[in-house]
Amino acid sequence: MTLPDSLIVVPVPLWSGKRHERGFNQAEAIARVFLHCQTSSSIQLDTAILVRTRDTVSQTGLTRHQRRANVRGAFAVMKPEKIKGRSILIVDDVMTTGTTAGECARVLRRAGAKEVFVATVARATKVAGSVVAMSASASAGGIQGHA
């Protein structure tokens, strides 16, 4: 897929307390590496357009419905005139159900973005989780081979 020439890259924002605790925003770090690899000068990073308006609990272990409720209303667009009619690329670290990226895209589109793309580094799946669980169990002696 080819991205538009003029693009605003927007990392999924962290709650201010979480960012302070962690010391960085992993989605922002990923977005900066992406921009460093680009040759187009019309691709811009903007870390202030999308903000997290409230703290949310960790999505880990939540059902799809609980995840949706957890992030609903948790994001807002600052200065919507900057994104009016523009193409946006949301960057996040991991996508599990897509609810965080979906909520960010919904808010950006309602604020006037022409189109919204999503890029992540990893995609969590149930199969991957099962493989990790099986691996951990095997390490603990829970899975034994047949002779």
- prompt: Can you count the Lys pairs in the stretch 1-133 whose Cα atoms are under 30 Å apart, with each pair 8 or more apart or on different chains?
  reply: 7
- line: Convex hull around the C-alpha positions of the stretch 70-125: the volume in Å³ per residue is 72 Å³
message: Could you give me D for the stretch 1-125, from Stokes-Einstein at 37 °C and 0.692 mPa s, where the hydrodynamic radius is the Kirkwood radius over C-alpha pairs? Units µm² s⁻¹, please.
response: 222 µm²/s
Additional length obtainable on full extension of the chain from Trp15 to Cys37, 0.36 nm per residue less Cα span: 5.2 nm
- prompt: If each of Lys84 and Gln59 carries a label point 7 Å out from its Cα toward its Cβ, how far apart are those two points in nm?
  reply: 3.1 nm
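Just so you know, all these numbers are worked out from the coordinates, no wet-lab data involved. Nothing here was measured: the structure is a model prediction, and the numbers come from that model. We place every Cβ from the backbone using ideal geometry, glycine too, and count neighbours over all the protein chains shown.
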